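Just below is one structure, and these are the notes that go with it.
The values are calculated or read from the model by the stated rules, or taken from the named source; none is laboratory data. Here the structure is a predicted model, which means the values were calculated and not measured. Heads up, the Cβs are rebuilt from the backbone with ideal geometry, glycines too, and the neighbour counts pull from every protein chain shown. Accessible surface areas use protein heavy atoms only, side chains included; no ligands, DNA or RNA. Shrake-Rupley method; radii C 1.70, N 1.55, O 1.52, S 1.80 Å.
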Amino acid sequence: MNLSFLSSSKLREIIVNPNNLNKNLICVICEQLVWDPNECSQCQNNFCSICINEWLKKKKNCPFECTKRMQLNAPHRILRNQISELQVKCVNKGCPKEMQLQNLESHLKQCEYIETKCPYPDCLFKDSLIKIEPHKTSCEHRTRVCQKCLETYKVKDNHDCLDIVIKKVKKQEDQINKLLRRLDCLEENQVLLESKILLQQRNSKK
Ligand SMILES: [Zn+2]
Ligand SMILES: [Zn+2]
Ligand SMILES: [Zn+2]
Ligand SMILES: [Zn+2]
Ligand SMILES: [Zn+2]
């Protein structure tokens, strides 16, 4: 089971019965649900990899005082199964679903409580997906497409098709004027060039 979509603190937060955890699921160093477990090859107790690596920087032996120098193994299948069967709550605020940890990732792909942004561009509102639909109907930034001029406009603004048409015409006029000015410029250049060529031809004939 891949838990990379969760952090250790998030997982510990969503456990349904954190006080009834099976004892072998608790790391004796941090006294919390073991995260990324490593098993002592002698006593078979499990520790978070972070915890035990910190521990072994200072000491050579297992926290349970096993006699040999400590060797770490991957956790036993039974422990992995116990972890994947842990009862957890959905991580999304407001979601009432509880499930086994191994089903959380697939639940999150279809959870209706996932935090979602209002789709209207100027709106910063965020909430669970299930609350976005009702918000959209009253969002002050909601937009509408005018059936007459096909322009998108904000519902709170007054929309006047004529205004839009005037603005569009004005914009086109501006563009036409720009093009005309460029054309003028090009023509001037051409006249200049032609006169230069003429002058050169005359000079060469002399
Ligand atoms: Zn730990
Ligand atoms: Zn040990
Ligand atoms: Zn959910
Ligand atoms: Zn909105
Ligand atoms: Zn319109």
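Summary of values
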read-out: Check on Asn24, assigned to a helix (DSSP H, G or I) and either farther than 21 Å from Leu104 by Cβ or over 32 Å from the mean Cα position of the chain (by Cα) (or both); value: yes
read-out: Residue that is within 19 Å of Ala74 (Cβ to Cβ) and exposed (fewer than 11 other Cβ atoms within 10 Å of the Cβ), where the choices are Ser41, Ser4, Ser9, Ser49; value: Ser4
read-out: Flag for Lys136 being within 16 Å of ligand 5 (Cβ to nearest atom), surrounded by 14 or more Cβ atoms within 10 Å (Cβ to Cβ) and free of Cβ contacts under 8 Å to residues at least 40 places away in the same chain; value: no
read-out: Pick from region 53-74, criterion without any contact (Cβ under 8 Å) to a residue 24 or more places away in the chain and open to solvent by less than 60 Å² (accessible area, probe 1.4 Å), ranking: farthest from Gln100 (Cα to Cα); value: Asn61
read-out: Residues of region 148-167 that turn out to be surrounded by 12 or more Cβ atoms within 10 Å (Cβ to Cβ) and either within 16 Å of ligand 4 (Cβ to nearest atom) or in contact (Cβ under 8 Å) with a residue 12 or more places away in the chain (or both), as a count; value: 9
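Rundown of residues vs (1) within 16 Å of the chain's Cα centre (by Cα); (2) more than 20 Å from Val155 (Cβ to Cβ); (3) within 13 Å of ligand 3 (Cβ to nearest atom), yes/no style:
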| site | (1), (2), (3) |
| --- | --- |
| Glu98 | no, yes, yes |
| Leu104 | no, yes, yes |
| Gln110 | yes, yes, yes |
| Tyr113 | yes, yes, yes |
| Cys118 | yes, no, no |
| Lys126 | yes, yes, no |
| Ile130 | no, yes, yes |
| Glu133 | no, no, no |
| Thr137 | no, no, no |
